[in-house]
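Structure record follows, encoded as structure tokens.
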Amino acid sequence: MANRFYIMNDCIFCHIIAGDIPCEKVYEDSHVLAFLDITPVNPGHTLVVPKEHYADMAGTPVPVLIHLIEVVQKVGNAVLKSGLAQGFNVGLNNGAAAGQSVLHTHFHIVPRNVNDGHSLWHGKKYVPGQATAVAAQLRRTML
């Protein structure tokens, strides 16, 4: 069956979607593919990607993002029901500065168990007045 989606030549996810590169599929519909990450944080670590190429979340249409989140929830629930994990993290890296290594919108579903040896980032407190200024800056530039 021919792929009806445009393939970006340098995008590994587009090649996976096209079937040029094998993957372990977890879920697929006409617009979304979910497959196991080849370097999982924990077993069951799944990537959820739109079949249409969008470089990052900022450029992905809202209806596509809504469907992606619906699939993220479905796969996340399967992670829990399967017994692979007690919980899961959902992650999306938007841009190279945020750690996005494949420029194709994708969500990570990372199965988690108590004491699995992984931790999230460590936050820093705002200095007095900084939170108010940052919130105002975001409100002024909201799209």
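The values are calculated or read from the model by the stated rules, or taken from the named source; none is laboratory data. Remember, it's a predicted structure, so these values are computed and weren't measured experimentally. Backbone-built Cβ (ideal geometry, glycine too); neighbour counts: all protein chains shown. We work out accessible area using only protein heavy atoms, side chains counted, and drop any ligands, DNA or RNA first. Shrake-Rupley method; radii C 1.70, N 1.55, O 1.52, S 1.80 Å.
What residues have an amide H closer than 5 Å to that of LEU33, excluding those fewer than 5 places away on the same chain, when H is modeled at 1.01 Å from N in the peptide plane?
Close amide H contacts, sequence-distant or interchain: VAL49, LYS51.
Could you bin all the Cα-Cα distances of the chain into 10 Å bins starting at 0 and give me the percent of pairs in each, rounded to whole numbers?
Pairs per bin, as whole percents: 10, 35, 32, 18, 5, 0.
Trypsin sites (Lys or Arg not before Pro), restricted to the range 67-143: which are DSSP loop and have at most 16 other Cβ atoms within 10 Å?
On the way: sites: LYS74, LYS81, ARG112, LYS124, LYS125, ARG139, ARG140; in loops: LYS124, LYS125.
Taking the range 67-143 and a limit of 16 other Cβ atoms within 10 Å, the loop trypsin sites (Lys or Arg not before Pro) found are LYS124, LYS125.
Sort 104-111, 15-22 by packing, meaning the average of other beta carbons within 10 Å per residue, with the highest value first. Mind showing how you got there, number by number?
Working: 104-111: 22.5, 15-22: 14.5.
In descending order of packing, they fall as 104-111, 15-22.
With the other protein chains left in place, how much accessible area per residue, in square angstrom, belongs to the range 88-143 at a 1.4 angstrom probe? Could the numbers behind the result be given before it?
Numbers: 4360 Å² over 56 residues.
Accessible surface, normalised per residue, equals 78 Å².
Restricting to Cα pairs below 8 Å that are 6+ residues apart, what does the relative contact order work out to for the range 25-79? Please round to a whole percent. Could you put the intermediate results ahead of the total?
Details: 55 pairs, mean separation 16.0, N = 55.
Computed over the range 25-79, the figure is 29 percent.
For helix 130-141, what angle does its Cα long axis make with the longest principal axis of the chain, in degrees from 0 to 90 and rounded to 10?
That helix lies at roughly 50 degrees to the long axis.
Determine the share of the chain's accessible area contributed by carbon and sulfur atoms, expressed in whole percent, with a 1.4 angstrom probe.
On the way: 5640 of 9480 Å².
With neighbouring chains kept in place, the figure for the chain is 59 percent.
How big is the gap, in Å, between the Cα center of the range 82-112 and the Cα center of the range 21-81?
9
Which of LYS81/LYS124; LYS51/LYS81; LYS25/LYS51 have a Cα-Cα distance over 24 Å?
Values: LYS81/LYS124 35 Å; LYS51/LYS81 26 Å; LYS25/LYS51 13 Å.
Going by Cα-Cα distance, LYS81/LYS124; LYS51/LYS81 fall outside the 24 Å limit.
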